[in-house]
1. Which one of 113, 41, 86 is farthest out on the positive end of the charge dipole of the chain, using unit charges on Cβ (Lys, Arg +1; Asp, Glu -1) and the Cα centre as origin?
2. In a GNM of the chain with a 10 Å cut-off on Cα contacts, which of 80, 68, 34 has the highest mean-square fluctuation?
3. Measure off 7 Å from each Cα along the Cα-to-Cβ vector at residue 16 and residue 40, then give the distance between these two points in nanometres to one decimal.
4. Counting only DSSP beta bridges with both residues in the chain, what percent are antiparallel, rounded to the nearest 5?
5. Compute the accessible area per residue over the stretch 1-117, keeping the other protein chains in place, probe 1.4 Å, unit Å².
6. I'd like the orientation of helix 59-71 relative to the chain: the angle between its Cα long axis and the longest Cα principal axis, in ° from 0 to 90, rounded to 10.
7. Specify which labelled value, from [x] -0.56, -1.09; [y] -0.43, -0.86; [z] -0.48, -0.91, agrees with log10 I(q)/I(0) by the Debye sum over Cα atoms at q = 0.12, 0.17 Å⁻¹ derived from the coordinates of the model shown.
8. Would you mind checking the stretch 84-106 for residues with the amide N under 20 Å from a putative spin-label position 7 Å along Cα→C-beta of residue 58?
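The values are calculated or read from the model by the stated rules, or taken from the named source; none is laboratory data. Please read all numbers here as calculations on a predicted model, not as lab measurements. Don't worry about glycine lacking a Cβ; one is built from the backbone with ideal geometry, like all the others, and counts go over all protein chains shown. Side chains are part of the model used for accessible areas, which takes the heavy atoms of the whole protein and leaves out ligands, DNA and RNA. Shrake-Rupley method; radii C 1.70, N 1.55, O 1.52, S 1.80 Å.
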Amino acid sequence: MTLSNTQPCPHCGRYNNRAVSIDAVIIQSDKVLLIKRGKDPFKGHWALPGGFVEWDETTEDSVAREVLEETGLKVESCTLIGVYSSPKRHPQQVINVAYTVQATGQPRAGDDALEFQWCSINTLPELLAFDHREIILDALKKK
């Protein structure tokens with residue numbers, strides 16, 4: 001069944017709206033912190049720490065929660081990079097809000113992150129998930 005955005009699903013009452021996620025660009029020296037995804041989409045690809053915004057949560061609270069869950073780092077501050085809304089950026093057309101993040105602590109892989117790696121901003125991995133290369137490059141332009 002295909003729903004329009006003006007007609008709710010007769011079973012669950014939800015509308016056919018797009019979800020919202022966040023991503024965190026954490027840069028130290030000339031390196032960006034990436035995680036290896038443990039789940040689809042893009043399982044096994046390198047990605048920025050991030051995830052879905054939960055109910056009753058701001059995007060800033062979401063970025064702090066996701067960074068802590070996936071890397072063990074505590075977010076001290078975050079600055080908006082931009083909003084990424086191309087329907088082609090995610091298989092489920094998820095809209096993304098990306099932040100540059102200042103964080104403290106020692107990183108560790110957690111939640112659905114299989115591992116983490118500090119990658120040179122000059123030699124990013126070929127297998128980057130979603131539009132994360134674009135987000136990283138946009139973050140560097142704002143430095």
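1. So the residue furthest toward the plus end is 86.
2. Looking only at 80, 68, 34, the largest GNM fluctuation is found for 80.
3. 2.2
4. Just about 75 percent of them are antiparallel.
5. Accessible surface, normalised per residue, equals 58 Å².
6. Around 60 degrees separate the two axes.
7. Here log10 I(q)/I(0) by the Debye sum over Cα atoms at q = 0.12, 0.17 Å⁻¹ agrees with entry [z].
8. 84, 96-104, by backbone N distance to the label point.
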